[in-house]
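Remarks on the structure that follows.
The values are calculated or read from the model by the stated rules, or taken from the named source; none is laboratory data. Every value quoted in this text rests on a predicted model; they were computed, and no experiment measured them. Every residue, glycine as well, gets a Cβ built from its backbone with ideal geometry; the counts of neighbours run over all protein chains shown. Side chains included, ligands, DNA and RNA excluded: accessible areas come from the protein's heavy atoms. Shrake-Rupley method; radii C 1.70, N 1.55, O 1.52, S 1.80 Å.
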Amino acid sequence: MAEANQVDRKRVLITGGAGFLGSHLCERFLAEGWEVICMDNLLTGDISNVEHLFADKYFHFEHRDVTEYIHVGGRLDAILHFASPASPIDYLELPIQTLKVGSLGTHKVLGLARAKGARFLLASTSECYGDPLVHPQPESYWGNVNPVGPRGVYDEAKRFAEAMTMAYHRFHGIETRIVRIFNTYGPRMRLKDGRALPAFMSQALEGDPITVFGDGSQTRSFCYVDDLVEGIYRLLHSEEVEPVNIGNPSEMTILDFAKKIVELTGSRSEITFEALPEDDPKVRQPDITKAKERLGWEPKVDLETGLRRTFEYFQARLSAG
Ligand code: UDP
């Protein structure tokens, strides 16, 4: 861990810091010797994700909604804007909040970055590509998004957030970075957040039917959280202003993913098929050429290893009730 005294210790604000990704980022920045201000309204974040950090004197928690005026005292060197509902069932249940945090929230946080002269990093998403007509997806692809469909609230909020970020960069000259995050998994995902991995793992562990949507032929590419955090850390420190995909290109069908989880958990659960949600993307795989070339980054954790670590976490959570 890098040593730093109070004067030269860098300070980062992480919005959505009590969420799945935010909490891993809080840990990483503390380990790198930063002072971390974690801001979260706990709508989908969970205080238990960061409770273990409260003993660290360089960790601070602010229970705030970033769509309201936000104030942070003192210097800020960087801001990572991760606040947003992020699983399809969350943003379908919270459509207005999802649109607000992507638009008003991004505007407030960019205003704070400007006032502090802080470098700003936006958590964007592969959902910007919608149901893609180009495969795999490079950053240069503009996407195929249905703005008025149920997923549009998330996709368009993030697309707006990217446009707002670039406008602040071009008009106000602030330093900005944009990461397009592909499906990521690991400890601290919520058991009931409705995404494929937590759904399949909790169903497998409880012996319930595994609910594959559609015929399971749609594809996703799953990245372990530690790899994602490394990519984000490198992106923040790079000079790359245009969006960068961070994800694991190893693509598989959702049916194969379900089978893998049944096998790994040794579960006797049967696979059942349910209706495919509206506008569910048929394929998704990141083109990570840019991240490789500009950040020297590529994923290191294979699916077996990542799933095993995540399984241990879910087992512990379920046995703790
Ligand atoms: N999915 C599924 N069963 C579930 C949850 C999700 O078959 O219980 C499918 C979903 O329809 C999608 C894929 O798994 O095709 C990934 O869904 P997730 O919600 O994890 O993320 P997305 O990539 O759609 O944002």
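The range 8-22 and the range 283-315 have their alpha-carbon centroids 21 Å apart.
With the whole protein complex present, LYS260 retains an accessible surface near 50 Å², based on a 1.4 Å probe. Averaged per residue, the range 17-64 has 39 square angstrom of accessible surface, using a 1.4 angstrom probe with ligands and nucleic acids left out. Might you tell me the accessible area per residue for the range 202-251, computed with a 1.4 Å probe and given in Å²? Value returned for the range 202-251: 33 Å² of accessible area per residue. With a threshold of 28 Å on the Cα-Cα distance, the over-threshold entries among LYS116/LYS158; LYS57/LYS290; LYS116/LYS300; LYS259/LYS282; LYS108/LYS282; LYS100/LYS259 are LYS57/LYS290; LYS116/LYS300; LYS108/LYS282; LYS100/LYS259.
For the chain, what is the per residue volume of the convex hull drawn over the alpha-carbon atoms, in cubic angstrom?
Enclosed volume per residue, from the Cα hull, is 127 Å³.
Ranking TRP34, TRP142 from most to least accessible surface, computed with a 1.4 Å probe over the protein chains only, gives TRP142, TRP34.
Ordered by solvent-accessible area of protein heavy atoms (1.4 Å probe), largest first, the residues ARG170, ARG119, ARG75 come out as ARG170, ARG75, ARG119.
Think of the range 216-321 as having a plus end and a minus end, set by charges on the Cβ of Lys, Arg, Asp and Glu; of SER221, ILE288, THR265, THR265 sits farthest toward the positive end of this dipole. Applying the criteria of a DSSP loop state and at most 16 other Cβ atoms within 10 Å to the GluC sites (Glu not before Pro) of the range 126-214 yields GLU175. Per-residue SASA remark: TYR91, around 0 Å² accessible (1.4 Å probe; ligands, DNA and RNA not included).
Largest accessible area first, the residues SER319, SER48 order themselves as SER319, SER48 under a 1.4 Å probe with ligands, DNA and RNA left out. The charge dipole of the range 1-157, taken about its Cα centre with unit charges on the Cβ of Lys, Arg, Asp and Glu (plus for the first two, minus for the last two), comes to roughly 580 debye. Over the range 97-192, with the other protein chains present, what is the accessible area per residue in square angstrom, probe 1.4 angstrom? Per-residue value: 40 Å². Measuring with a 1.4 angstrom probe and ignoring ligands and nucleic acids, LEU92 comes out at about 90 Å² accessible.
Between rounded, prolate and oblate, where does the range 134-182 land on the alpha carbon gyration tensor, with a ≥ b ≥ c its root eigenvalues, rounded for a/c under 1.5, else prolate if a/b exceeds b/c?
Verdict is oblate for the range 134-182.
First compute the accessible area of the chain with a 1.4 Å probe, then give the percent of it belonging to carbon and sulfur atoms. That share works out to 52 percent.
Only Cα pairs under 8 Å and 6+ residues apart enter the sum, and on that basis the relative contact order of the range 1-154 stands at 21 percent. Seen against the Cα atoms of the chain and their longest principal axis, helix 225-236 is set at about 30 degrees. For the range 255-321, the list of GluC sites (Glu not before Pro) that fall in a loop by DSSP and count at most 15 other C-beta atoms within 10 angstrom reads GLU270, GLU278.
Loop-resident trypsin sites (Lys or Arg not before Pro) (DSSP state other than H, G, I, E or B) in the range 190-251 with no more than 13 further Cβ atoms inside 10 Å of their Cβ: LYS192. Based on alpha-carbon centroids, what's the gap between the range 188-222 and the range 131-186 in Å, whole number please? Taking the Cα centre of each part, the range 188-222 and the range 131-186 sit 25 Å apart. Remark: relative contact order (the range 94-238) = 26 percent; criterion is Cα-Cα distance under 8 angstrom and separation of 6 or more residues. Rounded, prolate or oblate: which fits the range 268-321 when a ≥ b ≥ c are the square roots of the eigenvalues of the alpha-carbon gyration tensor, with rounded for a/c under 1.5 and prolate only if a/b beats b/c? Since a/c reaches 1.5 but b/c is at least a/b, the shape of the range 268-321 is classed as oblate. Evaluating 6.51 cos²θ - 1.76 cosθ + 1.60 at θ = phi - 60° for every residue in the range 95-103, the Karplus couplings come out as x, 6, 4, 5, 5, 5, 5, x, 9 Hz, glycine and proline recorded as x. For the chain, the antiparallel share of DSSP beta bridges with both residues in that region comes to about 10%.
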